[in-house]
Amino acid sequence: MTRHFTGLIAYPITPLTHDDEPDMGALAHLVHNAARAGVSGITVLATSGAGVTFDRDERKSVVEAAVQAAEGAAMAGDAPIPVYAAVSAASTRQVRKFSQDAERAGAAGLLVAPFSYHPLSDGEVRTLFAEVADATELPLCFYNKPVQTQYDLTPATLTYLANTARVVAVKETMRREHIVSRVSVLRDAAGPDFSLGLSSDVQLLADRPDVDAWHTGLAALMPADYAQVWSRSRNGHEQGSGLARLQAVALALSGVRHSVGALHALAGELGVATANPRGPFGLPGSADVQLLQAALS
């Protein structure tokens, strides 16, 4: 049985043209490079991809373009990789429609955060995921973002969702206290076949945790270095120079207030054609860009 949401999962930006439209050619370039480098999967339209700034048709087109690029890379000889789609939205109705669109576009799974303008209860979160599971046959990954959503996944709700709503994975942030014990609690709640993944590049690269998945936006822009770090960590091999380079870039990114804008700026420095992200996402200042340039040098 295929285990979804495992391995090194890269989260690309959604490149834009200077007419403020999604640049599908630039996105395909990112997906091709990630597949060639050996990442395990791609997730589009999450935080790194600024998914909330795109309408329904644009989201569907982005998923289609990423799936086609991954299929093209596989035909060219690279290992086949799944494309996952983030589908969070302010209403359950929207999430259901985005989920169905992503499934029709060829996505292999869905990333769902319990987003709302007001903090949700356990019961409301369970109902949301039940509605998504009813709308699609795809496996779901619970995107836990307690700072942003004001909801923190409880072990009881995880057990419930794993048993009733095809939730097969969790993306948890390392930027929380007692992460080791948190992972253990979630593992006990979900069982051994569940995928427990962690995010936050600075912490991932410092600790290189032994979990089922690393979820990272930086891996989509520097896939060769990141895939090497992932592989060497899993195999117990000594790290090479790529780790230090990634750590320097991750640290520089973490110091920029406008994270999505910083990823677009970094993309430009790495030769990826993209305009600035759509508002309300802000742009890094010239000093921040210089820090990114220094980290890359």
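The values are calculated or read from the model by the stated rules, or taken from the named source; none is laboratory data. No experiment lies behind these values; they were computed from the predicted model shown. Cβ coordinates were reconstructed from backbone atoms using ideal geometry, including for glycine residues, and neighbour counts include every protein chain displayed. Ligands, DNA and RNA are stripped out before the accessible areas are found, and what is left, the full protein with its side chains, is counted by its heavy atoms. Shrake-Rupley method; radii C 1.70, N 1.55, O 1.52, S 1.80 Å.
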Does at least one position in the stretch 283-293 carry a residue that is without any contact (Cβ under 8 Å) to a residue 24 or more places away in the chain and open to solvent by 70 Å² or more (accessible area, probe 1.4 Å)?
yes
Expected output for the stretch 77-93 (first residue modelled with pLDDT of 95 or more, partner assigned to a strand (DSSP E or B) and hydroxyl-bearing (Ser, Thr, Tyr), Cβ below 6 Å, 6+ apart or cross-chain) is Tyr84/Thr43
How many residues are open to solvent by 20 Å² or more (accessible area, probe 1.4 Å) and part of a loop (DSSP other than H, G, I, E, B) when one looks only at the stretch 117-137?
6
Considering the stretch 246-273 alone, what residues qualify as being within 22 Å of Thr17 (Cα to Cα), in contact (Cβ under 8 Å) with a residue 40 or more places away in the chain and under 19 Å from the mean Cα position of the chain (by Cα)?
Ser259, Val260, Leu263, His264, Leu266, Ala267, Val272
Any residue that is open to solvent by 30 Å² or more (accessible area, probe 1.4 Å), out of contact with any helix residue (DSSP H, G or I) (no Cβ under 9 Å at 6 or more places or on another chain) and not in a loop (DSSP other than H, G, I, E, B) - is there at least one of those in the stretch 64-80?
yes
Could you tell me whether the stretch 53-75 includes any residue that is touching a His at 6+ places or on another chain (Cβ under 7 Å) and among the aromatic types (Phe, Trp, Tyr)?
no
Taking Thr92 and the conditions (1) hydroxyl-bearing (Ser, Thr, Tyr); (2) in contact with a strand residue (DSSP E or B) (Cβ under 8 Å, 6 or more places away or on another chain); (3) open to solvent by 10 Å² or more (accessible area, probe 1.4 Å), which numbered condition does it fall short on, given that it satisfies the others?
(2)
Only residues that are of a type in the set (A, V, I, L, M) and open to solvent by less than 10 Å² (accessible area, probe 1.4 Å): list them for the stretch 1-25, please.
Leu8, Ile9, Ala10, Ile13, Leu16
Looking at the structure I just gave you, is Arg278 assigned to a loop (DSSP other than H, G, I, E, B) and open to solvent by 20 Å² or more (accessible area, probe 1.4 Å)?
yes
Please enumerate the residues belonging to the stretch 96-116 that are in a loop (DSSP other than H, G, I, E, B) and open to solvent by less than 20 Å² (accessible area, probe 1.4 Å).
Ala107, Ala113, Pro114
All positions within the stretch 32-60 that are assigned to a helix (DSSP H, G or I), under 13 Å from Ala102 (Cα atoms) and in contact with a helix residue (DSSP H, G or I) (Cβ under 7 Å, 6 or more places away or on another chain):
Gly51, Arg56, Arg59, Lys60
Criterion: within 29 Å of Thr154 (Cβ to Cβ) and open to solvent by less than 30 Å² (accessible area, probe 1.4 Å) - qualifying residue of Thr43, Thr47
Thr43
